[in-house]
Amino acid sequence: QVQLVESGGGLVQAGGSLRLSCAASGRTFSNYAIGWFRQAPGKEREFVAAIRWSGSSTYYADFVKGRFTISRDNAKNTVYLQMNSLKPEDTAVYYCAAGGVLSALRVGSYDYWGQGTQVTVSS
């Protein structure tokens with residue numbers, strides 16, 4: 001019903017920046033949140049940031065506050081994750097997801113997922 005395509009990943013040096021994009025198509029409900037999650041090798045998928053599709057509510061994991069900014073462009077059905085001051089421990093596959101009606105912070109509350117984009121931060 002909803003298709004999500006991430007882009008913008010790549011290889012950067014520590015301290016650098018990347019901007020990830022998540023383009024949504026299909027039926028997207030205004031009550032949905034768009035969340036960013038990441039998964040490093042051998043670790044569970046974890047919450048990074050989320051934003052309500054309609055409105056301005058945003059949510060951040062503690063480990064990215066002050067470094068990452070999530071924003072939206074409803075006209076383009078696109079959500080962005082601006083990542084600054086990147087650290088090697090930020091290396092992971094980053095996924096965007098749509099849903100989060102019950103909770104914008106939990107993996108299990110999201111209904112639709114993109115394919116992921118690799119972010120690699122070198123030391």
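Data overview
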quantity: The range 26-123: GluC sites (Glu not before Pro) in DSSP coil with no more than 14 other Cβ atoms inside 10 Å; calculated: E44
quantity: Solvent-accessible area per residue for the chain (1.4 angstrom probe, square angstrom); calculated: 50
quantity: For R72, distant residues with modelled amide H under 5 Å away; calculated: Y80
quantity: Surface share of carbon and sulfur [accessible, 1.4 angstrom probe, percent] for the range 72-114; calculated: 47
quantity: Relative contact order of the chain, pairs being alpha-carbon contacts under 8 Å that are 6 or more residues apart, as %; calculated: 35
quantity: Candidate lysines for bridging to K76, where Cα separation is under 26 Å - those fewer than 8 sequence places away on the same chain excluded; calculated: K65
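The values are calculated or read from the model by the stated rules, or taken from the named source; none is laboratory data. Source: prediction; values computed, not measured. Note that each Cβ is placed from the backbone with ideal geometry, even for glycine, and that neighbours are counted across all protein chains shown. With ligands, DNA and RNA removed, areas are computed over all heavy atoms of the protein, side chains included. Shrake-Rupley method; radii C 1.70, N 1.55, O 1.52, S 1.80 Å.
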